[in-house]
Amino acid sequence: MIYTLTTNPAIDMNICTNSIERKLVNRTHDVVYSANGKGLNVSFVLKHFGIDSKVLGFFGGFSGKYIIEETEKKGIEIFPVEVEDTTRINIFLNDGEGEFKFVNAGSFVAKEQQKEMLDKMKSFNDLDYLSISGSLPPGIDTSYYEDILKICEEKKTKVILDISSPKLKCLLKYKPFLIKPNDEEIADIFGIIVRDEEDIKDVLKYLHEQGAQNIFLTLGEKGSYFYNGENIYYTSAHEVKLLSSACAGDSALAGFLSIWLEDISSEENIEKALKRASATGANVAESNAIGDLKKVEQYMKEIKVRRVE
């Protein structure tokens, strides 16, 4: 079973406006409220593609209750840890020319609740995969990642990491099954500037040598690369008009996992998974929140995968 962990979930409010003017009433349209959070998005998109998963996370207040209820409505089992603070609400506003992002820090998670989450993980007998996504909320130190990975190491759980924390560099010693950094995170965390494909090949091999078993490197509109220790693949991006970047990266990861985990060694399977990842990310980027994902199959036909080496 795949479990997803979101330590810092949110309700995302996606809104559009024709313009933004100070001291005036700015009218909005196409408002979409959605239960979100990095790992939650992975579970939601996996469900769309017919893959079951279970959700872990910290939730509090009316907004936390809303996310739990929306997750259950989708037929996804959720194991919430309740916190006293209210789960955050983020705002993504598009004025027709570009996107503004207003992201809050999140609710405080006390030591007792952190331990409760770890105890839950220890109790699961079907923790085959754990996908950890997103930021840490106030109260949780980056050492918490190591607490989680030590449990996974004992249970032989395959860990998928999609985090922007500098701690990622230290976590590679635990040999995560898959990591999904982007080029900005490579620069911020590892101090490596990616300028061309030769740089990308070098950084993929470096990350693998440091412990990452598989690397899915995303470059936004420039496409993505995947390396499994044997072969490097490049996938083109499908061009769309950006409406909201919220959820796009998480959805792309879920699209990839939904096919790749069926047979991680098959080249045909890898290429199909990469196409679905790119198509899913593009379709979500042109939508408010995750959207309906109705164009994924169409976009997959237009996306190219090239074996680099």
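The values are calculated or read from the model by the stated rules, or taken from the named source; none is laboratory data. The shown structure was predicted, so the numbers you read here are calculated from the model rather than taken from an experiment. FYI the Cβ positions are ideal-geometry reconstructions off the backbone, even for glycines, and counts take in every protein chain you see.
Return the total of residues in segment 267-293 being part of a helix (DSSP H, G or I) and within 13 Å of the chain's Cα centre (by Cα).
Final tally of qualifying residues: 4.
Among what's in segment 60-111 and is over 12 Å from A35 (Cβ atoms), modelled with pLDDT of 90 or more and acidic (D, E), pick the residue that is surrounded by the most Cβ atoms within 10 Å (Cβ to Cβ).
So, considering only residues that are over 12 Å from A35 (Cβ atoms), modelled with pLDDT of 90 or more and acidic (D, E), the one surrounded by the most Cβ atoms within 10 Å (Cβ to Cβ) is D85.
If a residue has to be more than 18 Å from the chain's Cα centre (by Cα) and closer than 20 Å to G281 by Cβ to count, how many in segment 198-226 make the cut?
Summing the residues that are more than 18 Å from the chain's Cα centre (by Cα) and closer than 20 Å to G281 by Cβ in segment 198-226 gives 3.
Could you figure out which of (1) closer than 28 Å to G255 by Cα; (2) touching a helix residue (DSSP H, G or I) at 6+ places or on another chain (Cβ under 6 Å) isn't true of E69?
The single condition E69 does not satisfy is (2).
Could you please find all residues in segment 223-246 being among the charged types (D, E, K, R) and either at pLDDT 90 or above or at positive phi (or both)?
E230, the sole residue that qualifies.
Restricting the search to segment 16-48, which residues are among the hydrophobic types (A, V, I, L, M, F, W, C), in contact with a strand residue (DSSP E or B) (Cβ under 6 Å, 6 or more places away or on another chain) and assigned to a strand (DSSP E or B)?
Listed by number, the residues that qualify are C16, V31, V32.
Mind listing whichever residues of segment 96-123 are within 17 Å of T6 (Cα to Cα) and among the hydrophobic types (A, V, I, L, M, F, W, C)?
Of everything in segment 96-123, those that are within 17 Å of T6 (Cα to Cα) and among the hydrophobic types (A, V, I, L, M, F, W, C) turn out to be V103, A105, F108, V109, A110, M117, L118, M121.
Could you list all residues from segment 27-44 that are of a type in the set (D, E, K, R) and either under 11 Å from S251 (Cα atoms) or under 19 Å from the mean Cα position of the chain (by Cα) (or both)?
K38
Specify which of the listed residues (A254, A285, A279) is over 18 Å from I179 (Cα atoms), surrounded by 24 or more Cβ atoms within 10 Å (Cβ to Cβ) and modelled with pLDDT of 95 or more.
One residue alone meets the criteria, A279.
Pull up segment 257-276, narrow it to residues that are at pLDDT 95 or above and among the small types (G, A, S), then point me to the one that is farthest from Y299 (Cα to Cα).
By that ranking, first place goes to S258.
For segment 103-116, enumerate the residues that are among the hydrophobic types (A, V, I, L, M, F, W, C) and under 18 Å from the mean Cα position of the chain (by Cα).
Of everything in segment 103-116, those that are among the hydrophobic types (A, V, I, L, M, F, W, C) and under 18 Å from the mean Cα position of the chain (by Cα) turn out to be V103, A105.
Tell me, please, whether a residue that is assigned to a helix (DSSP H, G or I) and either of a type outside the set (S, T, Y) or at pLDDT 95 or above (or both) can be found in segment 49-57.
Taking every residue of segment 49-57 in turn, none turns out to be assigned to a helix (DSSP H, G or I) and either of a type outside the set (S, T, Y) or at pLDDT 95 or above (or both).
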